[in-house]
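Visitor: Mind having a look at this structure? Questions to follow.
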Protein chains: 2
Amino acid sequence: MNIKRQPQYNTKSSTSKELDFLISALSERNPFMDFPAFLDWFEKRRSAHLFNVEKISFEDLDQWSFGTSTGNLRHASGKFFTIEGILVETNVGPISQWSQPIINQPEIGILGILTKKFNGVLHFLMQAKMEPGNIGFVQLGPTVQATRSNFTQVHLGKAPPYLEYFFNKSSSNILIDTLQSEQGGRFLFKRNRNIIIETSREVELLDDYCWLTLAQIHKLISKDNMVNMDARSVLASIPFAASELKNLDSINLNLALKKLDAVNASKIPTDMESFHSRVIKSAVSSRGVLHDSGEVISWFTELKVCYELNVERIPLKFVKGWLKTENQIYHEKKKYFSVIAIAVQASNREVKKWTQPLIKPQGSGLIAYITKNINGILHFLIQAKVEPGNFDIIEMAPTVQCITDSYEQDQPEERPVFLDYILNISPEKIRSSTMQSEEGGRFYKESNRCLIVEADDDFSLEVPKNFIWLTLSQIKEFIKYNNYVNVEGRCLLSSLRFI
Amino acid sequence: MNIKRQPQYNTKSSTSKELDFLISALSERNPFMDFPAFLDWFEKRRSAHLFNVEKISFEDLDQWSFGTSTGNLRHASGKFFTIEGILVETNVGPISQWSQPIINQPEIGILGILTKKFNGVLHFLMQAKMEPGNIGFVQLGPTVQATRSNFTQVHLGKAPPYLEYFFNKSSSNILIDTLQSEQGGRFLFKRNRNIIIETSREVELLDDYCWLTLAQIHKLISKDNMVNMDARSVLASIPFAASELKNLDSINLNLALKKLDAVNASKIPTDMESFHSRVIKSAVSSRGVLHDSGEVISWFTELKVCYELNVERIPLKFVKGWLKTENQIYHEKKKYFSVIAIAVQASNREVKKWTQPLIKPQGSGLIAYITKNINGILHFLIQAKVEPGNFDIIEMAPTVQCITDSYEQDQPEERPVFLDYILNISPEKIRSSTMQSEEGGRFYKESNRCLIVEADDDFSLEVPKNFIWLTLSQIKEFIKYNNYVNVEGRCLLSSLRFI
C-alpha cells in the first residue's frame, strides 16, 4: 500500500486568517514604503528594462504555425496554448449558433501571492511584471505567475523566483487555494490555481518585487492599468467575514471595527454612512442577506437546467465568418476581437526575445456592478452569464459585462439589460471608475472600463430572472467553491477600497 | 427590456429547514402508517402490477439501433440516452490509457421529493416505483423521477403525477435544489436536479404513493434493495446542522437534543455514546473538525492540479478490447460490465411495453466508509476519486469503492487502499451493512455491498494524500455546492440512521 503522509498543511483557522486580511485591508502602515515611495519605485522599475513589442506577420512567427489539416495556430512543442475553433449552440441570447476562434490552454497555471506579517500586518509580495500586451508594459502582478510550462521548463528559461515557497508547505500556511476560471468568451475551460500563502521564513527582496499592504494595493487598483488581472483575480478571492464579526448586529459591528481601528491605527471611515464603510460591512457581516445560500443555489440550478449550451471543438479553418490575412484573423463585421502576431524583446524576462500570437480586442468593454443598500446592507446585482468557454454553462458575472461598441447600432430592446442605465448614470452615483487591463500575456492592450455604481433607494428590487442581489461576503463564499464567479466578476471586486 | 419578476421562491430560512429535517429524522410518529403497516402496503404494491423483463437480442430492440458510421447504440428519436465510446488518458492509477463504452445522457433529469408537515413533523411522499433493472422490480423512489424526455412527452406517455408541484413555486417552499452527478464510471457528465419542496396545499394520495418520516425511510434503507438510488441520492443532500445547534459544545448539544426529544417524542438514543448519537452529533455540529473548509478545498485543488484526465468521445465501434455479439457487448476479460438488451412489460407504467438497452455489471461492488471518532466527533474517511465521466476530474468518494471481483487476482499492493482492511474487518466494527441497488432504469440487477464501519482508536490518522477525514456536516456542506461528492459517496450517507 502506497501510504504517504498527509501533507503538513498548517492551514490557519479561518478566523484568524480572515481577521488578518481585514486588518491589512484597513492599514496603510508599511515599514518598507508608503504610497508615494511605491509610485517612485514603480516608475523606476518601469524604466529599468528595455521592452519592445512589434506586430509581425504570422509567417514571421518562430516555432508557431498553422496546422495543415486543422488550421489551428500552435507552438512546435505542443505547449503554451493553441488558437482553435469552437462551434457554439445555445438557447440563451439573440444568437443561437455561431463559431469563433478560441484559446485552448488546458494546463492549470499558478497565480500565487506570498505574504508575511510585519508589525502584525500582513504584507503581500507583489511583482513589477512585464507582459507584451500590457498597456505600459509593466504592471503589478502576483509574486508568482507561472504556467505549468514555466515550472516544467519547457521554454528552457529559469524557474520563477519564490516558486519554491509554494511547493515547500512545511514552512508556509496556506491562506487561500482555489481553482478559478478565466475569460469564458476567449478561453476554453481555462483555469488557474489562485493561491495565497503566509511564510514565517526570511524572504529575500529581489529587484522587481515589493511588499504592500492590502489597503495599499486596493488604492493602486483605483488607478488605471496599474495592477494586472492575475493579481486582481487572486486578491478578489480574499474573504473578510471573520467569525468573531460576522454575526454582530450593526451597533456591535461598528464598535468592533472601531476597536480594530484603535489597535491597528487604520483609517476606517468615521462616517459610518460612507460607501467605504458600507463595503466593509457587506464584506464582513453575514446578516441582512436578501437570499440565503440555499436559495441562491436553487436560482443557479434552475438556470442551469433551463439554459442549453453545446460547445464543440472544431478546426480553426472551419470557423465561419472569420477571415485570415497574412497578419490577422478577424471577424467579417470587424466585431469582437482579432488574432495577431507579435515579436517581443524584454531584457528582464527569462527568455529575452520571442514571438507569439495575441488576441486584440476590436472595441472597448464595459464591466459594471450596480450596488444597492438593502436591509441595511450593501448588495451587488449579479448576472448569471452564459459564456462558451465556461466550465459549467453559467457563472456569476457583474451586472453588465459587454463590448460596448458591439451594441451601438442595436435597438434598445436588444441591448444588454442595465447597459443604458450604466451609460446614463449621473456622476454622483459612481463609487469607482477605472480602466483595467486584461491579461497581457494573451491580450493586446485590452483595457476595459470598470465601474461600481450605487443605485438610489427607488431602484427596483425586482430584476430579470437571470439576476440576483448578493452581499459581498456571499459572493466571496461562492468564489471559495470554484467556478461560481467569473473572472470579470471577481476582478471588479478587487477595486473595492475599505479605506 | 425583458424585465421579469424574480420568481417567488419562498425559500425557508436554513435554520428552520435544517431543524425540520432533524426532527423528521428523529421521529417515527406517522399518522398514516407505522413501519409494519408500511411493509404490508409495500408488499401489496409489489404484487399489484404485472411486470416482465426478458433479455433479447440487439436486433429485436424496437426503435433502438447501432449507427452505421459510429456503431453507437441510440434511439430513433435521438432522445433518452446513447451508448457511445470514450478514450481515457490519465496519470492516476495503474492503467494510463483505455477505451470503454459509456452512457451519454446529457439531459438534466429531475429527482424530486414532495414533503408536507403533519403534526409538526415533515413527511416525505415516496413512490413504489417499478424499473426494469430493479431487484424485485419495485423499489421505493422519490415522488417524481423524470427525465426531460418524460416531461416534454417524447415517449407519448402521461406526465408524471405531482410534477406540477415542482413547477408551481408560489405554493411551495424549496428546501433543497442542487445539481448532482451520477456514476462517473458509467455516465458521461450525467447530472440530475435533486430537489425537495414543502407544500402547504392539500395533496391527493395516489395508489403507489405513501407518506413517510425521514426516520422511517432511514430504517428502510437499512434493509436490502428497498429504497432506490434516486431516492437515496436526494435524501443524502439533506443538511441537519441547524444554526441553533451547530456551535453548541457537547454538553449543551446533548441538552438541546434531549429537549427536542421531549417535545417531539423522538427516540434519541439515551446512551449518548452509541453510534447513532455519534452520527447525530457529526451531522449537527460544526465543532471539532480536523480540517477546516479552506483546507479541504486546498487539498482538492492540489489533487486537481496534479491529476490529469483526458476524456475523448469516440465512436462505440472504435472502443478496443470490447466484443460485440448478437445480444451483448462485453470486455474481453469478462470484467467491468456488459451492455445487454431487454424487453419490458409493466402494467402500471406510462408506456406498458418497451425495449431498451441496459448495463449489466460483471461482478459485485463494494462501497464502504471507514469512520473514526476524532476530537470527540465522528469523521468519515473520504477518497478523492478520478472517474472518466466526472465533470471535473475528481469527486469525493467513499473510502472504498470498487468492483471486488476485478481485484481478486491482483497482488495485495495493486489492490485499492483499505480494501483488505474492509474485507477482513471484524463484525463488531460494522455499523451498517446492506445490499443497495443502482438505478434500475439503466442497470440490470446491479446491487452493491454497502458498509459503514467504525475503526478503533488506534487506526492511523495519517492517510494517503488522496484521502481526508471529514465530519458528516462538512460532507453535507460540500454536497450543497454540487459536483463535490459522487453518487456512491452521497447515497451511502443515506443509510445512516439517527434512531
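The values are calculated or read from the model by the stated rules, or taken from the named source; none is laboratory data. Just so it is clear, the model here is predicted, and its values are computed rather than measured. Positions of Cβ are backbone-derived with ideal geometry, glycine not excepted, and every protein chain shown enters the neighbour counts. All accessible areas refer to the heavy atoms of the entire protein, side chains included, with ligands and DNA or RNA removed. Shrake-Rupley method; radii C 1.70, N 1.55, O 1.52, S 1.80 Å.
Visitor: Got a sec? Charge dipole of the stretch A:346-426, +1 on Cβ for Lys and Arg, -1 for Asp and Glu; which of A:L358, A:P412, A:C402 is way out at the positive end?
Guide: So the residue furthest toward the plus end is A:L358.
Visitor: Applying the Karplus parametrisation 6.51 cos²θ - 1.76 cosθ + 1.60 with θ = phi - 60° to the phi angles of the stretch A:483-499, what ³J(HN,Hα) value in whole Hz is obtained for each residue in order, glycine and proline being reported as x?
Guide: For the stretch A:483-499, the Karplus curve yields 6, 9, 10, 6, 5, 5, x, 6, 4, 5, 5, 6, 8, 7, 8, 8, 9 Hz.
Visitor: Right, something else. Could you run the numbers on buried accessible area between A and B, total for both chains, 1.4 angstrom probe, in Å² to the nearest 100?
Guide: What A and B bury together is about 4700 Å².
Visitor: Also: For the stretch B:395-499, with only Lys/Arg (+1) and Asp/Glu (-1) charged at the beta-carbon, what is the dipole magnitude about the Cα centre, in debye rounded to 20?
Guide: 620
Visitor: Give, ordered by residue number, each residue of the stretch B:16-36 whose 1.4 Å probe accessible area is reduced by a minimum of 10 Å² on adding the remaining protein chains to the chain alone.
Guide: B:K17
Visitor: Shifting gears a bit: For the rotation taking A to B, I'd like to know which residue in chain A has the C-beta closest to the axis, plus that distance in Å.
Guide: Closest to the rotation axis on chain A: A:Y481, 2.
Visitor: Would you jot down the residues in the stretch B:299-320 that end up with at least 20 Å² less accessible area in the complete protein assembly than in the chain alone, with a 1.4 Å probe?
Guide: So the qualifying set is B:W299, B:T301, B:E302, B:K304, B:V305, B:E308.
Visitor: On to the next question. Taking the label point 7 Å from Cα in the Cβ direction, how far apart in nm is B:K223 from each other copy of itself, listed shortest first?
Guide: Those separations, rounded to one decimal, come out as 7.4 nm.
Visitor: Per the helix-only calculation at 222 nm, which mean residue ellipticity applies to chain A, given -39500 (n - 2.57) for every DSSP H run of n ≥ 4 and division by its residues, nearest 500 deg cm²/dmol?
Guide: So the calculated ellipticity at 222 nm is -6500 deg cm²/dmol.
Visitor: Using a 1.4 angstrom probe with every protein chain in place, what is the largest-first accessible-area order of A:R442, A:R497, B:R490?
Guide: Highest to lowest solvent-accessible surface, that is A:R497, A:R442, B:R490.
Visitor: Determine the relative contact order of the stretch A:18-156: mean sequence separation of Cα pairs under 8 Å and six or more apart, normalised by residue count, in whole percent.
Guide: 19
Visitor: For chain A, with every protein chain kept in place, what is the accessible area per residue (1.4 Å probe, Å²)?
Guide: 38
Visitor: Could you give each residue of the stretch A:450-463 its phi-based ³J(HN,Hα) in whole Hz, using Karplus coefficients 6.51, -1.76, 1.60 with θ = phi - 60°, and x for Gly or Pro?
Guide: Listing the rounded values in order: 10, 10, 10, 10, 10, 6, 5, 4, 7, 5, 5, 6, 7, 10 Hz.
Visitor: Still on this structure, please answer the following. Contact order normalised by length for chain B, with contacts defined as Cα pairs under 8 Å and 6 or more residues apart; what percent is it?
Guide: Relative contact order for chain B comes out at 22 percent.
Visitor: Can I ask one more? If you take the square roots of the eigenvalues of the alpha-carbon gyration tensor of chain A and sort them as a ≥ b ≥ c, do you get rounded (a/c under 1.5), prolate (a/b over b/c) or oblate?
Guide: Oblate shape, in that a/c is at least 1.5 and b/c is the bigger or equal ratio.
Visitor: In nm to one decimal, list the spacings between the B:E202 label point and its equivalents in the other copies, with label points set 7 Å along Cα to Cβ, shortest first.
Guide: Values, ascending and in nm: 8.3.
Visitor: Turning to a different aspect of this structure: Rounded to whole Hz and in sequence order, give me ³J(HN,Hα) for the stretch B:188-195 from the Karplus expression 6.51 cos²θ - 1.76 cosθ + 1.60, θ = phi - 60°, writing x for Gly and Pro.
Guide: The phi angles translate into 8, 6, 6, 9, 10, 7, 9, 9 Hz.
Visitor: Quick one: which residues, 5+ away or cross-chain, put their amide H under 5 Å from the amide H of B:E387? H built at 1.01 Å from N.
Guide: B:E395
Visitor: Rounded, prolate or oblate for the protein assembly as shown? Axes are the square roots of the Cα gyration tensor eigenvalues, ordered a ≥ b ≥ c, and the cut-off for rounded is a/c under 1.5.
Guide: Prolate shape, in that a/c is at least 1.5 and a/b is the bigger ratio.
Visitor: Now for a different question. What is the dipole size for the protein assembly as shown, taken about its Cα centre, with +1 at each Lys and Arg Cβ and -1 at each Asp and Glu Cβ, in debye to the nearest 20?
Guide: Once rounded to the nearest 20, the dipole reads 100 debye.
Visitor: Cross-link list A:K246/A:K372; B:K55/B:K317; A:K304/A:K324: which exceed 28 angstrom alpha carbon to alpha carbon?
Guide: With Cα atoms farther than 28 Å apart: A:K304/A:K324.
Visitor: In addition: Going by the alpha-carbon gyration tensor, a ≥ b ≥ c the square roots of its eigenvalues, is the stretch A:423-499 rounded (a/c under 1.5) or, if a/c is not under 1.5, prolate (a/b greater than b/c) versus oblate?
Guide: Oblate shape, in that a/c is at least 1.5 and b/c is the bigger or equal ratio.
Visitor: Leaving out ligands, DNA and RNA, what percent of the accessible area of the protein assembly as shown is carbon and sulfur, probe 1.4 Å?
Guide: 49
Visitor: Compute the label-point distances linking B:P412 to its equivalents in the other copies; points lie 7 Å from Cα along Cα→Cβ; give nm, one decimal, shortest first.
Guide: Here B:P412 shows inter-copy label distances of 7.9 nm.
Visitor: I've got another one for you. Which residues of the stretch B:160-184 bury at least 40 Å² of accessible area once all protein chains are present, versus their chain alone (1.4 Å probe)?
Guide: Residues losing area: B:D177, B:L179.
Visitor: Give me the aspartates and glutamates in straight-line cross-link reach of A:K17: C-alpha distance below 19 Å, same-chain residues under 8 apart excluded.
Guide: Filter leaves A:E28, A:D177, A:E198, A:E244, A:D261, A:E477, B:D292, B:E295.
Visitor: If you don't mind, there's one more thing I want to ask. Rounding to the nearest 20 debye, state how big the charge dipole of the stretch A:46-112 is about its Cα centre with +1 on each Lys and Arg Cβ and -1 on each Asp and Glu Cβ.
Guide: My answer is approximately 180 debye.
Visitor: In addition: Determine the gain in length on full extension of the stretch A:S77-A:D458; use 0.36 nm per residue of separation and subtract their C-alpha separation, reporting nm with one decimal.
Guide: Here the answer is 131.4 nm.
Visitor: Between A:S433 and B:K429, what is the label-to-label distance in nm when each label sits 7 Å out along the Cα-to-Cβ direction?
Guide: Label-label distance for A:S433 and B:K429, simple model: 6.8 nm.
Visitor: A follow-up question, please. Positive end of the charge dipole of the stretch B:259-415 (Lys, Arg +1 and Asp, Glu -1 on Cβ, about the Cα centre): tell me which of B:S274, B:N264, B:Q383 has its Cα farthest that way.
Guide: Value computed over the given set: B:N264.
Visitor: Rounded to whole Å, give me the distance from the Cα center of the stretch A:182-260 to that of the stretch A:294-351.
Guide: A separation of 28 Å, based on Cα centres.
Visitor: Here's another thing I want to ask about it. Go through A:V319, B:L423, B:I499 and say which Cα lies farthest out towards the positive end of the charge dipole of the protein assembly as shown; charges sit on Cβ, +1 for Lys and Arg, -1 for Asp and Glu.
Guide: Farthest towards the positive end: A:V319.
Visitor: Can you give the local net charge around A:G489? Use residues other than it whose beta-carbon is closer than 10 angstrom to its beta-carbon, Lys and Arg +1, Asp and Glu -1.
Guide: Once all neighbours under 10 Å are counted, the net charge is 0.
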